[in-house]
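What follows is calculated from the coordinates using simple rules that are stated; it is not laboratory data. What you see is a predicted model; the values in this text were computed from it and never measured. Positions of Cβ are generated from backbone atoms using ideal geometry, with glycine treated the same way; all protein chains shown enter the neighbour counts.
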Amino acid sequence: MSTNSEYHALRRSAGVYARGTSIHSIGGAGREALLSHVIARPTEFAQPGSVVDSLVLDDAGRVMDFVLAVVDEDRTLVISENSKSATSDMKAVAIALGMRDVTIDALPGWGAIAVEGPRAWEVVRGLIADDIASLLLNEWQSVEIPGASFALLARTGTTAEYGYVVVADVASDVLIDSLRSPLEDVDGALVGPPALQRARIEVNHPVVPDQFTGVTALEAGAGWAAGIGREDSYRGAGHAERTHRRLVAIRSTRPLESGRTVEAGGVTVGRVHLCAAEIDGETSYALALLDAPFDVPGLELAVDGETVRTVSRPAVQPVSWTEPIG
């Protein structure tokens, strides 16, 4: 299936993809303190049955990962988006902080998939006995998946459409197969990285690691996922310094390439940072790292002598914002 078709599945019906590259189980009496230190967004008040999406920073405040933390009574599952998972060094962090009452176990046989789109709820509603609308945003419930002894369905997403994540002690391919029939019923599709990246960029969802190469969380406009406003100490907290440049979405009638210089009146004001897939042969869409005061929407700038325009995000009107579940 083409990137166009996959993208339109996300925006018009439902798209399915494997969520994350690794899953870890964090347990023990000290798990809450460890997670509060490592995960940038606050987790100390997260109740069992809830989920938290967050960036993970290193000691210097650089973005390492984006994770989904699934909070249970006696453990928290951490699903990592980046192949260099932040959970791989949690043991070292725990020792450095003097936390010896923490267990960190990799779950290599487990899988997680995401279902996103305005009709995503139709794909997953058969997994729970209750009305699918009763599962609220950032909550999860236990479900049954053929062949799995443990499975859950969480409501969360990355594209501003309705979103759900299925996690179980079986491989992601098994989870995809279990939802293939209802996915076909809504004319949905399996979604690859280019279409997913485009949909995430449009709504300012962090794209790890590509978006953060040489860019801080604040410069990327991802402060919401990086713990901005937290008053307690946590790993990488020093990132919240004022920035004089920012990633801004741009459009052009010509193809764009990452690394190209952006100019205003012949003066360099930034560079093209990350290009998204083109959809339906439309104008090119990308993120540019621009110096202030050019880091705002509504300006005409130039790349290689051709006009580009800075635009606001979200760049789409998600169908899920106007159509109810059920």
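I want to check the label-to-label distance for Thr21 and Asn138. Put each point 7 Å from Cα in the C-beta direction and report it in nm to one decimal.
2.7
May I ask you to derive the relative contact order of segment 182-326, considering only C-alpha pairs under 8 Å and at least 6 residues apart, and to give it as an integer percent?
Details: 225 pairs, mean separation 33.4, N = 145.
Over segment 182-326, the number comes to 23 percent.
Can you tell me what the convex hull of the Cα atoms of segment 3-194 projects to on average, as an area in nm²?
Details: hull surface 42.6 nm².
Approximately 10.6 nm², given one-decimal rounding.
State whether the chain is rounded, prolate or oblate according to the following rule on the C-alpha gyration tensor (a ≥ b ≥ c being the square roots of its eigenvalues): a/c under 1.5 gives rounded; otherwise a/b larger than b/c gives prolate, and the remaining case gives oblate. Please report the intermediate quantities before stating the final value.
Numbers: a/c = 2.23, a/b = 1.24, b/c = 1.80.
Oblate.
Quote the relative contact order of the chain in percent (integer), defining contacts as alpha-carbon pairs under 8 Å separated by 6+ residues.
Working: 754 pairs, mean separation 64.9, N = 326.
Contact order relative to length: 20 percent.
Give the distance, in whole Å, between the Cα centre of segment 254-326 and the Cα centre of segment 1-26.
Each part reduced to its Cα centre gives a spacing of 23 Å.
So how far, in whole Å, is the C-alpha centre of segment 160-212 from the one of segment 49-70?
19
Kindly identify segment 83-171 as rounded, prolate or oblate by the Cα gyration tensor criterion: order the square roots of the eigenvalues as a ≥ b ≥ c, call it rounded if a/c is under 1.5, otherwise compare a/b with b/c, prolate if a/b is larger, else oblate. Present the calculation step by step, with values, prior to reporting the outcome.
Values: a/c = 2.41, a/b = 1.93, b/c = 1.25.
Note, shape of segment 83-171 comes out prolate.
Relative to a virtual label point 7 Å from the Cα of Val267 in the Cα→beta-carbon direction, which members of segment 281-312 show backbone nitrogen distances below 16 Å?
290-296, 300-302
Expressed as a rounded percentage, what relative contact order does segment 1-85 have, with Cα pairs under 8 Å and six or more residues apart? Don't skip to the end; give the middle numbers.
Details: 132 pairs, mean separation 26.2, N = 85.
Relative CO of segment 1-85 lands at 31 percent.
Only four residue types carry charge here, +1 at the Cβ of Lys and Arg and -1 at the Cβ of Asp and Glu. Report the dipole size of segment 93-147 about the Cα centre in Debye, rounded to the nearest 20. If you can, show how the numbers build up before the last one.
Working: 3 positive and 8 negative charges, 34 e Å.
Dipole about the Cα centre, nearest 20: 160 debye.
Quote the convex hull volume per residue of segment 244-311, based on C-alpha atoms, as a whole number of Å³. Could the numbers behind the result be given before it?
Details: hull volume 4.7 nm³, N = 68.
Cα-based convex hull of segment 244-311, divided per residue, equals 69 Å³.
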